[in-house]
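The values are calculated or read from the model by the stated rules, or taken from the named source; none is laboratory data. Predicted model, so just to flag it, every value in this text is computed and none were measured. Neighbour counts run over all protein chains shown; Cβ positions are idealised from the backbone, glycine included. Please note that ligands, DNA and RNA were not included when accessible areas were found on the heavy atoms of the full protein model with its side chains. Shrake-Rupley method; radii C 1.70, N 1.55, O 1.52, S 1.80 Å.
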Number of protein chains: 2
Amino acid sequence: MHFTSEQRLDDGVLEREFTLGEIPGILWTPASASASAPAPLILLGHPPLGLRKMYPRLVDRARHSAAEGFATATIELPGSGDRPRLPAVEQARADMRRAMEAGEPVSDEIIDALILPLVDKSVPEWQAALDALLSLPEIGGPVGYSGGVISIGIRLAVVEPRISAAVLFAGSFVPRAMFEEARQVTIPLHVLLQWDDEGNDRQAALDLFDAFGSKEKSLHANMGGHTGVPQFAGDAAAQFFTRHLK
Amino acid sequence: MHFTSEQRLDDGVLEREFTLGEIPGILWTPASASASAPAPLILLGHPPLGLRKMYPRLVDRARHSAAEGFATATIELPGSGDRPRLPAVEQARADMRRAMEAGEPVSDEIIDALILPLVDKSVPEWQAALDALLSLPEIGGPVGYSGGVISIGIRLAVVEPRISAAVLFAGSFVPRAMFEEARQVTIPLHVLLQWDDEGNDRQAALDLFDAFGSKEKSLHANMGGHTGVPQFAGDAAAQFFTRHLK
């Protein structure tokens, strides 16, 4: 991991851009984090729109998390931002748009082609990032995962024992195969659902919540569309992490 | 309203039993409540099992609410406790038990006969209690309603303009007619659903949440059965009231 830039935000949060091999990423640490008082870490998931486009929302989540004492980090997803495109995923995205514009349901085949390669490629990258991040003296465990793509969060919760709690955003298509993986999840979960999310299948989200194997899981459904998560819902998610990571 | 007993609980909460005509009730006020600093009020709904049986859970909710600065009050439901039985409701309850023991679905007719008379009779009683409670100098507005029977909460939210926010517990049968009333609800709602509630139709609860007309409504689903609402879910409901009643 190489840090490529560093700036102190006005609230004292230290923002550092880094590269991990070919993968760009950003790390935010609260002013209080130090080798003698390492901060617990939350990995910030996000949709595959590119870090640059997602930056305003990410830095907002990072600032709120830092105010609660958490370090946060994120990496560019495969095929997004300046990373090489994944032709099969691009094709699936075009197929999805075509189906939606034609008012047709998005088929399981399209959803699989859109999501599964992203999960397969990105999860080992998140794990490599975790190796690097946890080697920094100012970052400690335990680790949380927060956000979308929900299938990435599911896979990480299953395969990565260092992740001990997750806030999942039920806002993207979920391949049928991920329902089986969801049954293997046992960590505490806090699932956010935007009830009127235009790009989301509400019933699939409810079925997925039902499938999770975790003994502690909560579904928080709020009104509004995909990006309309109310502030109080963000606060509740922060309280979930405070309960489980501190 | 006549106070019939008064005791100071160990945390300073003043517990007073009262009667309102034939109806027994209990009022809890935080130690800090006074004529110069009246406490906002939360009406504590409960299932029709009798105040005596419900007392341990009610006083627990009252203590938690008092710690947040809220007065709370509850009244005996018609047909419960020492109040005269409602023969038609008793008949419906027997029919419901018979259906459930036979593994049959509980018919809409049984649900209507069980719930609608309770709503029709109890809502004016809650309103009369509200008149009396709000005339006390140590009780101020605004007013919240919290708990079950959810159909009573729905009707109150529609007809009683002094109620400005409600935490509803989706844990009882809901007559079809109440879905129409739910569309007329416009106050902020926080709906609790126990995902594995043995006595509850989960899909009906989700449909009801969808039906509410409120612009701000949140569904909080947690694991466990009817009485297994986790402490953190109670805390979230308290925060909802603090946001809306203070």
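Considering region B:70-96, and only residues there that are touching a strand residue (DSSP E or B) at 6+ places or on another chain (Cβ under 6 Å) and assigned to a loop (DSSP other than H, G, I, E, B), the residue that is nearest to B:Ser146 (Cα to Cα) turns out to be B:Phe70. Name the single residue that is farthest from B:Ile163 (Cα to Cα) among those in region B:45-60 being touching a residue at least 40 places away in the same chain (Cβ under 8 Å) and either of a type in the set (Ser, Thr, Tyr) or buried (at least 22 other Cβ atoms within 10 Å of the Cβ) (or both). Checked region B:45-60; the qualifying residue farthest from B:Ile163 (Cα to Cα) is B:Pro48.
Scanning region A:4-25 for residues being open to solvent by 50 Å² or more (accessible area, probe 1.4 Å), farther than 21 Å from A:His46 by Cα and free of Cβ contacts under 8 Å to residues at least 40 places away in the same chain gives a total of 5.
Is it true that B:Arg243 is closer than 26 Å to B:Ala37 by Cα, over 17 Å from the mean Cα position of the chain (by Cα) and within 13 Å of chain A (Cβ to nearest Cβ)?
Working: closer than 26 Å to B:Ala37 by Cα: yes; over 17 Å from the mean Cα position of the chain (by Cα): yes; within 13 Å of chain A (Cβ to nearest Cβ): yes.
For B:Arg243, the condition - closer than 26 Å to B:Ala37 by Cα, over 17 Å from the mean Cα position of the chain (by Cα) and within 13 Å of chain A (Cβ to nearest Cβ) - is met.
Looking only at region B:231-246, residues that are farther than 13 Å from B:His64 by Cα and open to solvent by less than 30 Å² (accessible area, probe 1.4 Å) come to 2 in all. Scan region A:187-220 for residues that are of a type in the set (Gly, Ala, Ser), at the interface with chain B (Cβ under 10 Å from one of its Cβ atoms) and touching a His at 6+ places or on another chain (Cβ under 8 Å) and the total you get is 1.
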